[in-house]
Amino acid sequence: MVFKEIVKEELIFVQKSFKENSDVIKFLSEELRERSFVKESFCDAVLEREKKHPTGLYLGKINVAIPHADIKYVNKPGMAVATLQKPISFRKMDDPTLSIPVHIVFLLALVDPNEYVKFLSSLTRSFSDESFISLIYSLNDTERFVKSIRKMIK
Amino acid sequence: MLRKRILVVCGTGIATSTVVARKLEEKLEEKGIDIETRQCKVAEVEGMLEKVDLIVATTPVPDNIKVPVVRTLAFLTGIGEDEAIEEITKKLKKKGG
C-alpha cells in the first residue's frame, strides 16, 4: 500500500519555524537521511535543483512547495512534511522570477515515479482544495495530519 | 486527428512530468485525441524536439524553441485544467491533422 509506505507520522512536522527555504530543506532532508530514506548527497541535490528549478506552487491563500531531487539520491520512497508557523519564501515553479510565501513544504524522496504517480497526482491535486489545505495547515497534531491526508489520497 | 506527440517538460524530468504526462493522456483520451507523451528535463529539451507537436511544461523553457509551448501547472494541481486542455487542443489542431 503506497500511502502507508510513503506517509509516516514521524516525518510530519507541524508549526515549525525556519529562516529560509534552505533551512527547511536541510531539516527535512536530515530527517529522511537519519531513517535511511535518502543518501547523504540528497540534501545538496535538492538545494541545487531548487536553485535552478524551484518548486513553489501558488494556490492562493495557503501555498506549498514540493522540493525533490533525482531518484539516484534516494534509497526508498518517502516524504517529509513541514508546516511553517511563518511562511517562507520559495520561487514559483512556473515562473522562477517570482517568489511566493509558502506555508507547507512536502519534501519528496522518489524512486520509480510511475509506480507512485497515482499517489503523487492525488497529493498535488489535493492542493487545489482550499478547505483541505487550510485544514492541514491549521493542525498541530501529526496523527490528525496523516488521517486528513489519507482521506484525500486515493 | 493523427496521433500527436507531446513532450512533457519539468525541472528534473521525473516527478512532476510523470504526473502531468499521465493526466494529459487521460484527459486527451477523454476528448478522443490520440497522443503519445515523452518526458524530459528542461535542460534536455532542445535535443528532444524531433517529431514533437507540442510541449507542455511546468517550468519555463528556452524562448528559441520552434515547437508550440503550453506552460501550466494545471495537470499537477488541477487548477485551471479545463482551460489548459482547451488551449492544448487548439494548439494541436492548429498544427494540422
request  = Evaluate the following for B:T89: is it among the polar types (S, T, N, Q) and out of contact with any strand residue (DSSP E or B) (no Cβ under 9 Å at 6 or more places or on another chain)?
outcome  = yes
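Among the listed residues B:V45, B:V61, which satisfies the condition of being surrounded by 16 or more Cβ atoms within 10 Å (Cβ to Cβ), in a loop (DSSP other than H, G, I, E, B) and within 14 Å of chain A (Cβ to nearest Cβ)?
Numbers: B:V45 fails: in a loop (DSSP other than H, G, I, E, B).
The unique qualifying residue is B:V61.
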ask   = If you go through the range A:93-111, how many residues are within 9 Å of chain B (Cβ to nearest Cβ) and either of a type in the set (K, R) or more than 20 Å from A:I12 (Cα to Cα) (or both)?
value = 5
task = Tell me, yes or no, whether the range A:66-79 has at least one residue that is among the hydroxyl-bearing types (S, T, Y), more than 13 Å from every other protein chain (Cβ to nearest Cβ) and more than 13 Å from the chain's Cα centre (by Cα).
result = no
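Residues checked against (1) surrounded by 18 or more Cβ atoms within 10 Å (Cβ to Cβ); (2) over 17 Å from B:L73 (Cα atoms):
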| residue | (1), (2) |
| --- | --- |
| A:N75 | no, yes |
| A:L84 | yes, yes |
| A:K92 | yes, no |
| A:L98 | no, no |
| A:S121 | yes, no |
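How about the range B:15-41: which of its residues are aliphatic (A, V, I, L, M), out of contact with any His (no Cβ under 6 Å at 6 or more places or on another chain) and facing chain A (nearest Cβ under 8 Å)? Walk me through it before giving the result.
Pass one, the range B:15-41, residues aliphatic (A, V, I, L, M): B:15, B:19-21, B:24, B:28, B:33, B:35.
Within this subset, residues satisfying the condition of being out of contact with any His (no Cβ under 6 Å at 6 or more places or on another chain) are B:19-21, B:24, B:28, B:33, B:35.
Across the range B:15-41, the qualifying residue is only B:V19.
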task = Could you please tell me which pairs satisfy a Cβ distance under 6 Å, a separation of 6+ or placement on different chains, a first residue in the range B:68-80 that is facing chain A (nearest Cβ under 9 Å), and a second residue that is surrounded by 22 or more Cβ atoms within 10 Å (Cβ to Cβ) and in a loop (DSSP other than H, G, I, E, B)?
result = B:L73/B:T58; B:T77/A:F127
query = Condition test on A:S41, is it out of contact with any Pro (no Cβ under 9 Å at 6 or more places or on another chain) and within 13 Å of chain B (Cβ to nearest Cβ)?
reply = no
note = Of those in the range A:1-21 that are under 15 Å from the mean Cα position of the chain (by Cα) and part of a helix (DSSP H, G or I), the residue farthest from A:A82 (Cα to Cα) is A:F3
message = For the condition among the aliphatic types (A, V, I, L, M), part of a helix (DSSP H, G or I), buried (at least 22 other Cβ atoms within 10 Å of the Cβ) and touching a strand residue (DSSP E or B) at 6+ places or on another chain (Cβ under 6 Å), what is the one hit in A:V46, A:V24?
response = A:V24
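Here, each number is a calculation from the coordinates, and none is a lab measurement. What you see is a predicted model, and the numbers here were worked out from it, not measured in a lab. Note that we place each Cβ from the backbone using ideal geometry, even for glycine, and neighbour counts take in every protein chain shown.
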